[in-house]
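Presented below is the structure to which this report refers.
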Amino acid sequence: MNCHRGFSLQDQQTTMTCTEGGWSPPPRCMRVEKECTIPDIEDNLIVHPRKEKYVVGDVLKFSCRPRLKLLGPDSVQCYHFGWSPNLPTCKDEVKPCDLRPELLNGKATDTPKSEYEHGEVVEYVCNPRYLIKGSRKIQCVDGEWTALPMCVEENSTCEAVPVLDHGYVASEAPAPFHHGQSVEVNCNEAFTLVGPSSMTCIRGVWTRPPQCIDTNEVKQCKLTKSMARETNLPEKNVYDHNERVNYICGRKSEKKHSTCTNGRWDPEVTCTEVPRCPPPPQIPGSQRVTTTVNYQEGEKIAVLCQESFLIQGGEEMVCRNGTWQSVPRCVEKTPCSQAPNIEHGHLNSSRSEEEGEETREPGRYAHGTTLRYVCEDGFRIPGNDKITCHLGQWSAPPQCEGLPCGTPPRISNAVLLNTGDHYQYGDTVTYKCLEGFSTHGPASVECLGRQWSHPPECTKTTCSDPPRFRNAKLTHQTKTLYQPGDKVAYRCEDDYEMDGSSSVECRDGRWIGEPLCRDVSCGSPPTVENAFIQNQKTRYRSGDTVRYECRKALHPFGNVEVTCLSGNWTEPPQCKDSKGQCGPPPSIDNGDSITNLPEVYAPGSLVEYRCQSYYELQGDRTITCRDGKWSEPPKCLEPCVVSKEIMEKHNIELQWSYEKKIYSKTNDVIEFRCRRGYRKATPQTKLRVQCREGVLAYPTCVKR
């Protein structure tokens, strides 16, 4: 399908396909909004037509002012990429060309000459097995030949020659036939050949065969009076099949010809001007084209893209109604990024079918690269296992399907609930444990591709005799069997105390829990200098009490009785001379003593102090009893309180907005800053202030 002038094919789709469900969606012709700008034209060029704007498909024609020669195309066309080919120029004198160039794997159709005039055209054809790409015509332009086409190897072949009714193949040759090969055909006696006398293999397809028609039924051609007058042909009633006429239209010097073919003139005898097409365009991304030759209606040109480009929209453009139609595009072969991952599979190789691994950038694959996937054990790819990079996009990746599994595994003390003859990937079967056993792990297994997931275990749920623990005894008589959830309790032996839970529980056939009996008795009481204990023992139970007695002339300081509590003795007294003893330690503002406060302290006793939150301790934190007096106690210095009201009054705020600094200890440094729109009152004003015993010297800021 082709689009009308001013329209182009959407997505470059040119065909419809007959499928099982009917015809595929037809191509869509979309209006081309692209315009070409008015080109800069030299003074000696005459252009037609002149318009304010040109749209895709418009053609500009050129001629030179008198006595000047045209160099380049006599017309150009507006395409989606601009004007093409390049505009011509005008020149006083032009040079001829030397011998025409030779075409690799092809040849020229004319007889070679030693010199060619400016404007002369030479046409080329390719040898069999080769396909012509680009303009088949070159032209001599001011001593230089325009670019040659290319003959590209075509590997497709044709099979047997089609059968010709009432005819035969004159030149016998075995199949296959290569591109460009022709075979001559003839008709049987009493039949006449209508059409070409040969068939040619073109890209794997034979050209349309001729017909062999009964000679008595072959039709003659007529020439009407109007045709005869227009063409200056003699008035002759009829012309036989294959008879050729040559004619000139009016005063034009161009000769035309037509042949009678079974009652029809080919081509039609007419003097109506059929518009020619401008020289073919230089499509972006295609091989260089410089021809300046115009083309006849119906002529085609095969386009060859550059190495790094891919052709889209067919390979040929065709001359229709004076413009090139179905112009293909050369699209850059965009590389692909990292290949997609697939579940249960991975790439087997990253080597391209078109490029070596050593030439590929990491993570990038050239257009046309093909990669292959393989599946994990137990999986397979049912169809195509490859993906291909096409213009920056990977084709759809394959999927790994799980393989079926055999019989599910047997486990002790369990039965299968849902068995079958066949197990596909993803199928599940469930186990049920026998009475007295419970499932440990998932109750079901799943077919994961030729193997089953890990089966559960059926573990015994009842428990036998409870365990024995050191220094502990059961509180009740034992049974021979315990059910899940049953508990038994323990108690500790004398001089031992339970630490934690005192019971264990039967769970999944095992006893859960571990009671711990901790020794809470005490050994000998601590030794006190200048003191003794009546009837002292080596071991004491928790709660036992002993009493200390000081030797003569010494006085006890502290509690004279100590008690065994959970394996430890309470604090013992001291036996010292009562001379120089101290009373309770002095209290301090905003602080407390850490140690206990007995009424009497022995000489040399120490008391430690601490301050309340945010108060800073100044001095020694401990005081000592000496000669009946306490040493000087410490002070708790008052903190500074940052006042929002005072800050607002001084037009300041905390430097770090995230700080919630309301209290600051003595000697702490606080940083302020001026509020927006304010500055320091004087250059000497300091915004870093130190807290001194609750006093804070706020800085001041004034308006700018």
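The values are calculated or read from the model by the stated rules, or taken from the named source; none is laboratory data. A quick note: this is a predicted structure, and the numbers were derived from the prediction, not measured. Glycine also receives a Cβ, built like all others from the backbone with ideal geometry; neighbour counts cover every protein chain displayed.
Tell me, which strands (runs of 3 or more DSSP E) lie completely within the range 522-637 with 1 or more residues that are closer than 27 Å to Asp495 by Cβ and either outside the structural domain of Thr666 (by the TED database) or of a type outside the set (Gly, Ala, Ser) (or both)?
Output list reads 531-533, 545-550, 561-565.
Filter the range 174-196 down to the residues that are of a type in the set (D, E, K, R) and not in a loop (DSSP other than H, G, I, E, B) and list them by number. Can you show your working first?
Kept after step one, since they are of a type in the set (D, E, K, R), are these residues of the range 174-196: 184, 189.
Selection gives Glu184 alone.
Residues that are not aromatic (Phe, Trp, Tyr): list the strands (runs of 3 or more DSSP E) wholly contained in the range 63-155 that include at least 3 such residues. Write out each step before concluding.
Values: elements: 69-71, 75-79, 82-84, 89-91, 106-108, 121-126, 130-133, 137-141, 150-153.
Here the list reads 69-71, 75-79, 89-91, 106-108, 121-126, 130-133, 137-141, 150-153.
Let me spell it out: the conditions are (1) over 48 Å from the mean Cα position of the chain (by Cα); (2) surrounded by fewer than 16 Cβ atoms within 10 Å (Cβ to Cβ); (3) at positive phi, and Gly72 meets all of them except one. Which number is the exception?
Failed condition: (2).
Go through the range 473-485 and report how many residues are out of contact with any Lys or Arg (no Cβ under 7 Å at 6 or more places or on another chain) and either basic (Lys, Arg) or farther than 30 Å from Leu417 by Cα (or both). Before the answer, list the steps.
Initially, the range 473-485 is screened for residues out of contact with any Lys or Arg (no Cβ under 7 Å at 6 or more places or on another chain), giving 474, 476-483, 485.
Filter once more, so that each one left must be either basic (Lys, Arg) or farther than 30 Å from Leu417 by Cα (or both): 474, 476-480.
Matching residues across the range 473-485 total 6.
Residues that are touching a Ser or Thr at 6+ places or on another chain (Cβ under 7 Å), in contact (Cβ under 8 Å) with a residue 24 or more places away in the chain, farther than 17 Å from Cys201 by Cβ and surrounded by 13 or more Cβ atoms within 10 Å (Cβ to Cβ): does the range 149-171 have at least one?
Filtering the range 149-171 for residues touching a Ser or Thr at 6+ places or on another chain (Cβ under 7 Å) gives 149.
Applying the additional criterion that residues be in contact (Cβ under 8 Å) with a residue 24 or more places away in the chain yields 149.
When the remaining residues are screened for being farther than 17 Å from Cys201 by Cβ, the result is 149.
Next, from what is left, pick out any that are surrounded by 13 or more Cβ atoms within 10 Å (Cβ to Cβ): 149.
For the range 149-171, residues touching a Ser or Thr at 6+ places or on another chain (Cβ under 7 Å), in contact (Cβ under 8 Å) with a residue 24 or more places away in the chain, farther than 17 Å from Cys201 by Cβ and surrounded by 13 or more Cβ atoms within 10 Å (Cβ to Cβ): present.
Suppose the filter is out of contact with any strand residue (DSSP E or B) (no Cβ under 6 Å at 6 or more places or on another chain) and surrounded by 13 or more Cβ atoms within 10 Å (Cβ to Cβ); does Leu565 pass it? Break it down stepwise before answering.
Values: out of contact with any strand residue (DSSP E or B) (no Cβ under 6 Å at 6 or more places or on another chain): yes; surrounded by 13 or more Cβ atoms within 10 Å (Cβ to Cβ): yes.
The answer is yes for Leu565.
What is the residue count in the range 491-545 for residues that are of a type in the set (D, E, K, R), touching a strand residue (DSSP E or B) at 6+ places or on another chain (Cβ under 7 Å) and free of Cβ contacts under 8 Å to residues at least 24 places away in the same chain?
Residues meeting the conditions: 4.
If you take the residues of the range 257-278 that are touching a helix residue (DSSP H, G or I) at 6+ places or on another chain (Cβ under 8 Å) and of a type outside the set (S, T, N, Q), which of them is surrounded by the most Cβ atoms within 10 Å (Cβ to Cβ)? Before you say what the answer is, go through the steps one by one.
To start, the set of residues in the range 257-278 that are touching a helix residue (DSSP H, G or I) at 6+ places or on another chain (Cβ under 8 Å) comprises 269-271.
If we keep only those that are of a type outside the set (S, T, N, Q) too, we end up with 269, 271.
Working: Val269: 20, Cys271: 14.
So, considering only residues that are touching a helix residue (DSSP H, G or I) at 6+ places or on another chain (Cβ under 8 Å) and of a type outside the set (S, T, N, Q), the one surrounded by the most Cβ atoms within 10 Å (Cβ to Cβ) is Val269.
What number of residues in the range 284-311 are out of contact with any Pro (no Cβ under 7 Å at 6 or more places or on another chain) and within 30 Å of Thr369 (Cα to Cα)?
Counting residues in the range 284-311 that are out of contact with any Pro (no Cβ under 7 Å at 6 or more places or on another chain) and within 30 Å of Thr369 (Cα to Cα) gives 13.
Consider Leu99 carefully, then state whether it is modelled with pLDDT of 95 or more, surrounded by fewer than 17 Cβ atoms within 10 Å (Cβ to Cβ) and of a type outside the set (Ser, Thr, Tyr).
Details: modelled with pLDDT of 95 or more: no; surrounded by fewer than 17 Cβ atoms within 10 Å (Cβ to Cβ): yes; of a type outside the set (Ser, Thr, Tyr): yes.
Against the criterion (modelled with pLDDT of 95 or more, surrounded by fewer than 17 Cβ atoms within 10 Å (Cβ to Cβ) and of a type outside the set (Ser, Thr, Tyr)), Leu99 does not qualify.
Only one of these is closer than 30 Å to Tyr698 by Cβ, at pLDDT 90 or above and β-branched (Val, Ile, Thr): Ile623, Ile588. Name it.
Values: Ile623 fails: closer than 30 Å to Tyr698 by Cβ.
None of the other options fit; the residue is Ile588.
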